[in-house]
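Step one of this worksheet: look at the structure below.
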Amino acid sequence: MNASPAIIQLKDVKKSYKLGETDVPALKGINIELKRGEFTAVVGASGSGKSTLLNIVGCIDDPDSGSVLVDGVEVTKLDDDSKSALRNRKIGFIFQSFNLVPVLNVYENVELPLLINPDIPRSEHQDRVSQALKDVAIDHLAKNLPDQLSGGQRQRVAIARALAGSPALVLADEPTANLDSVNSHRIIDLMLELNAKRGVTFLFSTHDEKLMARVSRHIQIADGLIKA
Amino acid sequence: MSRLFDKNLATLAWRNLRRNTRRNLATGLAIAAGFTAFMLAAGYAYRVQRVLSSYTVYALHVGHIGIYKKGALEMFSIKPKDYAMSADDQKIVDDVLKDMDNIEMSGRYLSGQGLIGNGCKTFPFMASGVDLTIEDKVMNHRTLKRWNEHLYKHRTGQSLWEFPDSFGAVSISAGLAQLLGKTKVHSELGEAKPVMITDCTAPDARALFGADANVQFAAGSWDGTLSALDGEIVGRFTTGLQETNNTAVTMSLAHLQKLLNTESIGNMSVWLKEPLLLDLTITNLRSKLQKAAPHLEALPWRDERLSPYYTGTMQFIFVMVSFIGCVLAVVIILSIFNSATMTVIERSQEVGMFRSIGYNSKTMRKIFLMEGFFLTGISLACGIVLGLLAMFLVNRLHITLEPPGVSGGIQLILSPNALIILVGSAIVSLLGVGSTWIAVTSVVRQNIAKLVSGAHR
Amino acid sequence: MKLNATFISSFILACAISTQLSAAPAQAQASEPTPEDLLKDSDRARGSAAVADGISWEVAVDSNDGSTKSSVTYDLKVKANDALAEATAPARNKGEMMLFNDRNIWFFKPGMKKPLAISPRQKLMGQAANGDIASTNYARDYEGKIVATEKVDGQDAWKMELKAKAKNVTYDQIRYWVSKKDKVGIKAEFLTVSGDIFKRASFEYKNKIDVGGKQTPFVSKMTIIDAKNEKQTTTLNYKSPRPAKHADAVFNVNNLVR
């Protein structure tokens, strides 16, 4: 574990996408530093570059240039396998559309990241999964399949899956976009609670202003640049 | 760790099969039906191979190895005297064989042709002069009995080895017996004296042909003159082939030698205790013959010149089964490729999720390959069960085929062979896994962000 | 003196006969003979129906296939369309018989229980077919036509083409050269159905047979050569042709088994 207080450091990160023959810039030189335990929202309009920023921070997309340090490791220089290992150990993901495996029950879905984590012995799986499920208050649904759950419950499963491996950072791209407002608030409450309780760093994107009000730090992004 | 991980992946792959039941069912059915067809074709090919090989080796007296004077296969029928094996040659071969392992038995053979008559009419015959000292063992060999049961069913009368050489016992093919009007064999007529037919054009002449089992043979003897002698039909058999069923005659080697006025033989046939060691044995035999009698050659029974019907038929069947195999391979490749492509595209977001939480592309591919393997495996298992069931049914239905060139028709019997099924299954599994590999590889290597967002689709 | 007169008159008569005999071909030369007549005449010199009661001769069949030589001698009895050939030498073949009833041929060997019907086309020995050994009846068996006049070994001859009238005759097609002078066959080519030559034969007529008091030429030698391998030859040497009275029973197949 790196002793640096910053879990994420982005320096002059640029990224553009090809749209036909033209290059469309998504990030035009981003500099961010996230400290451990921070609960941060990336806000901005649709197409502003929020998802691109989260993807690069989560090592699931590569910047065209710039430096990305996750827990002190320069990820732009890692090969695919090393990045996979880093994601598994350091980062948890929560997706807008939950992305649960329909043929696995809640318990099995949550256990998925543990299965490939060599640092966590099999004997710990049950405790960790159970704890994660308790933390999101769906431990009674462990045997259920995803299609037997409501949208809010599914997102809780996704949060439990993100937390099961005890990552230093949890990334959530529009985690409440598919939820009603009641459930959206509950999910944000849950994330805040987990942030406080576990000290996990949260970085999530949203364009819901009501949710933004509940978050201590905002990173405003527009046209691929961070607004002061 | 790895085993646990693989077990979990296998569980996931197994459960994934339930996700698109209809598609997987269609793919599985295509594979199962294809494999059933392959099993039927292979069962037929295997059966034919076993029947024809044992028929050639034993019933046709070709042996596992044939020993001939060099050039005899081409020239014996033209210059038999020059290409026959003399008594000295036979002795040399006997001495060589005596010192070799894996030799079950050996025999002396001669062939000749001429005319066979019933007192009124004559027809051409092709005679095999067989070594009566081992004829009992050859014709009652367990391999021949196992695969050519039908030969025994169509045999009538007694065997040549039950009579002394001086008796002139002969067995003739069923078609030839019919042509000659010889409806009964020696044992059915008792000691009936030859019936002289004074008027061959009389209406009762045909009835008189069958009143005795006596026939006459004429042939050009090896000294250039016309030779003839009597024969007594003691048995009747079917060769199974139209080509030979109207001409084949079997008699003792001594009787044919007398007809052809020679003491030589055409060839010696050697049977092996362990036929699988044929190549090894023939190499050994050739090196010994090279020293002892370089003018002689040893040939394996599969040589096209020794077994033209076997090799011709098997080449045809090989082409047929290969064609069915290729069609099956294409069906499997296309079915699995299509199924795997659809699946991986449908699940691209899920692939993205797996990749996001740390699964690398190899692991992702492994999950899909396992799915492909399970789908192929289950389909194969169903195909094998269906194939065995179909074979059982076909065999029970007693379907009679009348292939061209075969006399009297033969029952269609299909024989399953574990090795063929095993090899076929392994190839199909490989094809299934290979097709999946091709279909999923590019997807699992895609940009994860695109996969997660669904942009890949 | 009387004796001399008798001798002289006999001599004159003989000369007259010989003149007549030698004049006959000359007359034939003048007018083209029909193919059928030509075949009948040439058949007579090869033993066919030369004498109504029958004739006999001996024939030695010597065969040489290039490496093996063999020889069998037959005694021939011929009457009308029937013939019986009985082997007289060597000892191994002695008593073997071939009976020709019209176009049917029977083979019999002492000790056999029944005779065997054989084909005239089957080779008896070397290049000689069974049908070659007995009398020749080309007039009966073949449809002939004269196609040319050629010289064969210095002799003027009609070249004839013969086609089999029936399936069970010895050859399918024959090219036959008949001497204009003696009306005897002097050369033959035997053809397959497709028209390829497979055997060649030449004939000599040094024998004479008494036909109604007339000495007519009779075949003395037939040499058959394989068209593809000239080393394979068979020679039929004919000896002692003579008129003989043969009972019909001699030619009855049922009497072969005695």
(request) Give the number of residues within segment B:55-82 that are farther than 18 Å from B:E304 by Cβ and either in contact (Cβ under 8 Å) with a residue 24 or more places away in the chain or surrounded by 21 or more Cβ atoms within 10 Å (Cβ to Cβ) (or both). (result) 5
(message) Looking at (1) within 13 Å of another protein chain (Cβ to nearest Cβ); (2) farther than 21 Å from A:T201 by Cβ; (3) in contact with an Asp or Glu (Cβ under 7 Å, 6 or more places away or on another chain), which one does A:L133 not meet, given that it meets all the others?
(response) (1)
(request) Within segment B:229-274, work out how many residues are assigned to a helix (DSSP H, G or I), within 14 Å of chain C (Cβ to nearest Cβ) and either touching a Phe, Trp or Tyr at 6+ places or on another chain (Cβ under 7 Å) or farther than 30 Å from C:D65 by Cα (or both). (result) 2
(request) Please find, within segment A:42-90, the residue that is nearest to the other protein chains (Cβ to nearest Cβ) out of those that are within 16 Å of the chain's Cα centre (by Cα) and polar (S, T, N, Q). (result) A:N88
(request) Would you mention how many residues in segment B:281-308 are assigned to a helix (DSSP H, G or I) and in contact (Cβ under 8 Å) with a residue 24 or more places away in the chain? (result) 7
(message) Checking B:V327 against (1) within 33 Å of the chain's Cα centre (by Cα); (2) not assigned by TED's automatic domain parsing to the domain that holds B:A33: exactly one of these is not met. Which one?
(response) (2)
(message) Looking at B:T376 and the list (1) among the polar types (S, T, N, Q); (2) within 14 Å of chain A (Cβ to nearest Cβ); (3) closer than 20 Å to B:D6 by Cβ, which single condition is not satisfied?
(response) (2)
(message) Residue pairs, Cβ under 6 Å, 6 or more apart or interchain, first in segment C:35-47 and more than 13 Å from C:D182 (Cα to Cα), second of a type outside the set (A, V, I, L, M) and surrounded by fewer than 20 Cβ atoms within 10 Å (Cβ to Cβ). List them.
(response) C:P35/C:K145
(request) Give the residues of segment A:160-190 that are closer than 19 Å to A:R89 by Cα and part of a helix (DSSP H, G or I), sorted by residue number. (result) A:A160, A:R161, A:A162, A:L163, A:A164
(request) Among the candidates B:T21, B:T36, single out the residue that is closer than 30 Å to B:F368 by Cβ, out of contact with any Cys (no Cβ under 6 Å at 6 or more places or on another chain) and modelled with pLDDT under 90. (result) B:T21
(message) What's the total number of residues in segment B:293-347 that are aromatic (F, W, Y), surrounded by 14 or more Cβ atoms within 10 Å (Cβ to Cβ) and either closer than 29 Å to B:N16 by Cα or out of contact with any helix residue (DSSP H, G or I) (no Cβ under 9 Å at 6 or more places or on another chain) (or both)?
(response) 1
(request) For segment B:356-372, name all the residues that are within 7 Å of another protein chain (Cβ to nearest Cβ), buried (at least 21 other Cβ atoms within 10 Å of the Cβ) and either among the charged types (D, E, K, R) or in contact (Cβ under 8 Å) with a residue 60 or more places away in the chain (or both). (result) B:S356
(message) Go through (1) free of Cβ contacts under 8 Å to residues at least 12 places away in the same chain; (2) more than 27 Å from B:L17 (Cβ to Cβ) for A:P167 and report which single condition fails.
(response) (1)
(request) Filter segment B:210-228 for residues that are more than 30 Å from B:Y310 (Cβ to Cβ) and at the interface with chain C (Cβ under 7 Å from one of its Cβ atoms) and give the result. (result) B:N214, B:Q216, B:A218, B:D223, B:G224, B:T225, B:L226, B:A228
(request) Select from segment A:106-119 the residues that are outside any helix (DSSP H, G or I) and buried (at least 19 other Cβ atoms within 10 Å of the Cβ) and list them in ascending order. (result) A:I116, A:N117
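The values are calculated or read from the model by the stated rules, or taken from the named source; none is laboratory data. No experiment lies behind these values; they were computed from the predicted model shown. Neighbour counts run over all protein chains shown; Cβ positions are idealised from the backbone, glycine included.
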